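> Structure provided below as structure tokens; questions to follow.
The values are calculated or read from the model by the stated rules, or taken from the named source; none is laboratory data. On a predicted model such as this, the values are computed, not experimentally measured, just so you know. Cβ coordinates were reconstructed from backbone atoms using ideal geometry, including for glycine residues, and neighbour counts include every protein chain displayed. Only protein heavy atoms, including side chains, enter the accessible area calculation; ligands, DNA and RNA are left aside. Shrake-Rupley method; radii C 1.70, N 1.55, O 1.52, S 1.80 Å.
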Amino acid sequence: YNTFCLIGGNVFVLRKAMELSGFDKFIKDNLYNKNMLYIGYSAGICLLGETLKGLDLVDEPINVYNDDAILYEGLGIFKETLVPHYKSEHPESQLVDKVIEVLEEKKIKYKPLRDGEVIIIDREKERE
């Protein structure tokens, strides 16, 4: 397997790094590659959603690489916004409650994830 593990940090910095490196395109192009494994934690899982809107309540929307606009588009692998640290003992857990309030107000689909929860998708089986 080619294993890619994206852990926490600022979701906006991580998203821009993915764009600049071409890793976002690589992930999308290899979505059904049975030899690829993507592991995400915290910001690393948020990137897979449709949008990063609302997550600016937890992470400052900054771009440390250049003067381009901040990217709010996720990779769109999931059609909802993935919101980690929900009702968990993580320092950002209270901010996550506010993120969910904003997403509900804006009618943005979301999936809250408690620390320790996982999502496993076998994209190869989806094609069958």
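> With Glu92, Glu73 as the choices, which residue is open to solvent by 40 Å² or more (accessible area, probe 1.4 Å) and either within 30 Å of Tyr1 (Cα to Cα) or aliphatic (A, V, I, L, M) (or both)?
Glu73 is the lone residue from the list that is open to solvent by 40 Å² or more (accessible area, probe 1.4 Å) and either within 30 Å of Tyr1 (Cα to Cα) or aliphatic (A, V, I, L, M) (or both).
> Name the residue that is nearest to Glu117 (Cα to Cα), counting only residues in segment 75-99 that are modelled with pLDDT of 90 or more and in contact with a helix residue (DSSP H, G or I) (Cβ under 7 Å, 6 or more places away or on another chain).
Looking at residues that are modelled with pLDDT of 90 or more and in contact with a helix residue (DSSP H, G or I) (Cβ under 7 Å, 6 or more places away or on another chain), I get Pro84.
> Suppose we filter segment 12-26 for residues that are under 22 Å from Gly54 (Cβ atoms) and either part of a loop (DSSP other than H, G, I, E, B) or open to solvent by less than 50 Å² (accessible area, probe 1.4 Å) (or both); how many remain?
Selection size over segment 12-26: 8.
> Turning to a different aspect of this structure: Under 20 Å from Asn66 (Cα atoms) and among the hydroxyl-bearing types (Ser, Thr, Tyr), is that true of Ser21?
yes
> May I ask you to list pairs of residues, at least six apart or on different chains, whose Cβ atoms are under 7 Å apart, with the first in segment 110-122 being assigned to a loop (DSSP other than H, G, I, E, B) and at pLDDT 85 or above and the second being open to solvent by 70 Å² or more (accessible area, probe 1.4 Å) and basic (Lys, Arg)?
Close Cβ pairs (under 7 Å, with a partner that is open to solvent by 70 Å² or more (accessible area, probe 1.4 Å) and basic (Lys, Arg)) amount to Arg114/Lys87.
> When residues of segment 1-38 are filtered for being closer than 19 Å to Tyr110 by Cα and of a type in the set (Val, Ile, Thr), how many remain?
Final tally of qualifying residues: 1.
> Can you confirm whether segment 29-40 contains a residue that is within 21 Å of Arg15 (Cα to Cα), assigned to a loop (DSSP other than H, G, I, E, B) and at pLDDT 90 or above?
Yes, segment 29-40 contains at least one residue that is within 21 Å of Arg15 (Cα to Cα), assigned to a loop (DSSP other than H, G, I, E, B) and at pLDDT 90 or above.
> Name every residue in segment 63-86 that is within 18 Å of the chain's Cα centre (by Cα), assigned to a loop (DSSP other than H, G, I, E, B) and not hydroxyl-bearing (Ser, Thr, Tyr), in order of residue number.
Selection gives Asn63, Ile70, Leu71, Gly74, Leu75, Gly76, Ile77, Phe78, Lys79, Glu80, Pro84, His85.
> When Lys107 is evaluated against the numbered criteria (1) part of a loop (DSSP other than H, G, I, E, B); (2) under 15 Å from the mean Cα position of the chain (by Cα); (3) of a type outside the set (Gly, Ala, Ser), which criterion, by number, is the only one it fails?
Condition (2) is where Lys107 drops out.
> Hey, another quick one. So which of Gly44, Gly49 ends up being open to solvent by less than 40 Å² (accessible area, probe 1.4 Å), part of a loop (DSSP other than H, G, I, E, B) and touching a strand residue (DSSP E or B) at 6+ places or on another chain (Cβ under 6 Å)?
Gly49
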